[in-house]
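For reference, the structure is listed below as structure tokens.
The values are calculated or read from the model by the stated rules, or taken from the named source; none is laboratory data. Quick caveat, the model's predicted, so the values are computed rather than measured. In this analysis, Cβ positions are derived from the backbone assuming ideal geometry, glycine residues included, and neighbour counts consider all displayed protein chains.
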Amino acid sequence: MSSKLAPPISPTLRRPPRLTWWKRWLLLLTVPYLGTFIMLASFQRSLIYHPFAARSLPANQSVFGTGRTHDVTARTEDNLDLRGWLVLAKGHTASTDEQFQAELAEGRPVVLYFGGNAANRTYRLLEVQVLTEAGADVLIFDYRGYGDSPGEPSEEGLARDARAAWHFATELKKIESRRIVLYGESLGGGVAVRLASELSLNKTPPAGIILRSTFSSLTDAASLHFPFIPVRWMLIDRFTSDQRIRDVTCPLLQFHGTSDTIVPIQLGQKLFAAAPEKSSTGVAKTFLKLPQADHNDVLETSRPEVSKAIREFLPMAVPPESP
């Protein structure tokens with residue numbers, strides 16, 4: 001018998017199988033898609049919120065002047081100080097805190113303004129002008145992270161900001177809820193609808209709600225802009241206004257540009273369809289189509305129509321007091 005050891009058996013080296021053409025295409029498509037999905041999921045709030053921060057935005061930066069504009073601050077439940085302005089209705093002025101408080105007690109409608117997802121309150125002066133020309137005082141605060149308000153924006157954070165603004169108006173400034181009209185622009189429509197829903201369920205509804213160029217939900221809007229991304233699975237902040245508006249019991253005025261390329265009008269119509277037909281006081285809801293308007297040029301293209309609708313709506317929401 002031979003004492004020679006058999007040579008070790010070497011493993012056979014095999015070339016990895018070549019990818020078929022369809023697998024190559026699938027890989028080429030999947031990798032960028034997954035990269036895009038991860039990027040959108042990770043940075044979604046920076047895609048939703050576009051605040052313009054400022055060190056300070058005092059009332060003298062308002063075009064209405066200090067005689068009509070007053071600096072105000074609202075404290076949130078998580079201890080942030082939101083900065084804002086009180087702008088008196090056209091034809092009314094004040095120079096001291098006491099005079100501003102006296103003006104607020106005159107019984108006029110007070111509009112609590114909730115802006116869109118970008119910039120800060122200095123970019124809303126044209127709409128504030130329309131509201132004050134219609135005879136309303138306006139309270140406008142910057143959300144957390146916007147303007148000179150501290151913090152970082154999120155859906156829950158903006159809901160806290162809205163409640164802080166309402167508390168400031170009703171508790172600190174002693175404005176009756178029956179005089180306060182909520183105004184929500186674009187993303188601010190989601191903020192306003194949520195607040196109106198919470199207040200209605202609490203049996204303390206606002207006098208009315210005005211919605212401009214807003215959506216049924218943020219997931220609906222995002223799905224239109226990113227049709228190949230499963231945004232309904234990944235979105236953290238959803239602003240489900242179409243579900244919440246069912247509980248809103250106050251009068252509703254809504255207007256929307258038919259050429260809106262950011263929030264298409266069908267999303268506004270979907271929200272409107274979900275709202276009750278009439279308020280608890282019997283006022284029918286109203287939807288105004290603006291044939292010339294896109295998303296950001298509503299007043300530039302349709303100011304007369306918008307002004308007329310607001311002038312007609314405010315007395316229905318806040319009936320004049322009997323002498």
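Would you check which residues across the stretch 126-147 are surrounded by 19 or more Cβ atoms within 10 Å (Cβ to Cβ) and of a type outside the set (A, V, I, L, M) and list them?
Glu127, Thr132, Asp137, Phe141, Asp142, Tyr143, Arg144, Gly145, Tyr146, Gly147
Checking the condition more than 25 Å from Glu98 (Cα to Cα) and among the hydrophobic types (A, V, I, L, M, F, W, C), which residue from Ala159, Ala136 passes?
Details: Ala136 fails: more than 25 Å from Glu98 (Cα to Cα).
Checking each option against the conditions leaves just Ala159.
Would you check which residues across the stretch 198-216 are in contact with a Pro (Cβ under 8 Å, 6 or more places away or on another chain) and more than 12 Å from Arg178 (Cβ to Cβ) and list them?
Correct list: Ile209 only.
Is it the case that some residue within the stretch 273-296 is assigned to a helix (DSSP H, G or I) and either in contact with a Pro (Cβ under 7 Å, 6 or more places away or on another chain) or surrounded by 18 or more Cβ atoms within 10 Å (Cβ to Cβ) (or both)? Quick ask: steps written out before the conclusion?
Here is the first cut: in the stretch 273-296, the residues assigned to a helix (DSSP H, G or I) are 273-274.
Still in the running and either in contact with a Pro (Cβ under 7 Å, 6 or more places away or on another chain) or surrounded by 18 or more Cβ atoms within 10 Å (Cβ to Cβ) (or both): none.
No, the conditions are met nowhere in the stretch 273-296.
Given the structure, is Tyr123 crowded, with 19+ Cβ neighbours inside 10 Å and either polar (S, T, N, Q) or more than 30 Å from Pro319 (Cβ to Cβ) (or both)?
no
From (1) at pLDDT below 95; (2) within 28 Å of Ser95 (Cα to Cα); (3) not β-branched (Val, Ile, Thr), pick out the condition that doesn't hold for Ala54.
In the conditions (1) at pLDDT below 95; (2) within 28 Å of Ser95 (Cα to Cα); (3) not β-branched (Val, Ile, Thr), Ala54 misses (1) alone.
Against the conditions (1) within 21 Å of Leu172 (Cβ to Cβ); (2) not in a strand (DSSP E or B); (3) not hydrophobic (A, V, I, L, M, F, W, C), where does Thr73 fall short? Just the number, please.
Looking at each condition in turn, Thr73 falls short on (2).
Can you name the helices (runs of 4 or more DSSP H) wholly within the stretch 195-251 that have at least 3 residues being surrounded by fewer than 24 Cβ atoms within 10 Å (Cβ to Cβ) and touching a residue at least 24 places away in the same chain (Cβ under 8 Å)? It would help to see each step written out before you state the result.
Values: elements: 218-225, 231-234, 241-244.
Because the criterion is at least 3 residues that are surrounded by fewer than 24 Cβ atoms within 10 Å (Cβ to Cβ) and touching a residue at least 24 places away in the same chain (Cβ under 8 Å), the helices (runs of 4 or more DSSP H) in the stretch 195-251 that meet it are 218-225, 241-244.
From the list Leu26, Leu86, which residue is more than 24 Å from the chain's Cα centre (by Cα) and either modelled with pLDDT of 90 or more or not in a loop (DSSP other than H, G, I, E, B) (or both)? Give the steps one after another, and end with the answer.
Details: Leu86 fails: more than 24 Å from the chain's Cα centre (by Cα).
Only one candidate qualifies: Leu26.
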